[in-house]
Amino acid sequence: MVVFESLAVIGVMGSSRFSHRERSRRVGRWIAQSGYHLLTGGGGGVMAAVSEAFVRTSPRKGRVIGVLPSSIQHVGAPPLGYPNRWVEITIRTHLNKRGSEGERSDSRNHVNVLSSDVIIVLPGAEGTASEAQLALHYGRPCVAYLDNRRQVPDLPLSVPAESEFEQVKQFVVGACTK
């Protein structure tokens with residue numbers, strides 16, 4: 001009989017355009033070293049940077065999970081640039097809304113949040129803010145790792161924003177042990 005170890009899934013949400021490389025690398029390495037799975041939206045920017053850092057960390061137990069949006073032109077096929085090359089487990093969806101439409105029922109953001117045990121928000125735009133809002137809606141623990149709240153416009157006030165990574169780590173570990 002094969003026994004699989006159950007690992008927590010840490011969702012990292014952030015900019016699809018900008019990598020915020022140092023911050024993303026720090027988060028990706030720590031998640032891998034801590035024995036968790038990493039879940040992102042499977043695209044570029046923060047998603048690719050955190051995934052690359054995770055995959056390049058050895059040893060590690062977890063995998064990179066990418067929840068992909070659908071192309072508007074070809075339902076079920078991901079848009080150009082998805083998945084990034086670091087995604088190890090691909091979840092394709094028929095959901096094509098993202099960005100400012102991230103809270104709509106036809107957005108994959110619901111899947112990202114509901115499939116994560118804890119959410120870490122990195123700098124991003126409307127789509128990132130919508131994932132933080134959905135985390136609150138669905139009761140998922142969520143913490144932002146930012147220099148200041150302006151790095152995610154419209155970040156809900158009830159999402160704690162931490163500039164020190166040690167505080168983010170403590171939040172995640174605490175949420176995973178409840």
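Values computed for the structure shown
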quantity	calculated
Given (1) at pLDDT 95 or above; (2) out of contact with any strand residue (DSSP E or B) (no Cβ under 7 Å at 6 or more places or on another chain), number of the condition Ala77 does not satisfy	(1)
Candidate set: segment 23-44, residues that are in contact with a Phe, Trp or Tyr (Cβ under 6 Å, 6 or more places away or on another chain) and assigned to a loop (DSSP other than H, G, I, E, B); chosen: the one farthest from Val173 (Cα to Cα)	Gly43
Segment 45-56, residues that are in a loop (DSSP other than H, G, I, E, B) and either more than 14 Å from the chain's Cα centre (by Cα) or surrounded by fewer than 18 Cβ atoms within 10 Å (Cβ to Cβ) (or both)	Arg56
Test for Ser15: is it under 21 Å from Arg140 (Cα atoms) and over 16 Å from the mean Cα position of the chain (by Cα)	no
Residue count, segment 90-131 (criterion: of a type outside the set (Ser, Thr, Tyr) and farther than 21 Å from Leu157 by Cβ)	17
Only listed residue being buried (at least 22 other Cβ atoms within 10 Å of the Cβ) and polar (S, T, N, Q), chosen from Ser15, Ser34	Ser15
Flag for Arg98 being under 16 Å from the mean Cα position of the chain (by Cα), charged (D, E, K, R) and under 20 Å from Pro123 (Cβ atoms)	yes
Condition broken by Ser15, with the remaining ones in (1) within 27 Å of Lys178 (Cβ to Cβ); (2) in contact (Cβ under 8 Å) with a residue 60 or more places away in the chain; (3) in a loop (DSSP other than H, G, I, E, B) satisfied	(1)
Single residue of segment 57-75 satisfying the filter (β-branched (Val, Ile, Thr) and either without any contact (Cβ under 8 Å) to a residue 12 or more places away in the chain or in a loop (DSSP other than H, G, I, E, B) (or both)) that is surrounded by the fewest Cβ atoms within 10 Å (Cβ to Cβ)	Ile72
Residues of segment 102-129 that turn out to be more than 18 Å from Gly44 (Cα to Cα) and polar (S, T, N, Q), as a count	3
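The values are calculated or read from the model by the stated rules, or taken from the named source; none is laboratory data. A quick note: this is a predicted structure, and the numbers were derived from the prediction, not measured. Reconstructed Cβ throughout: ideal geometry from the backbone, glycine too, with neighbour counts over all protein chains shown.
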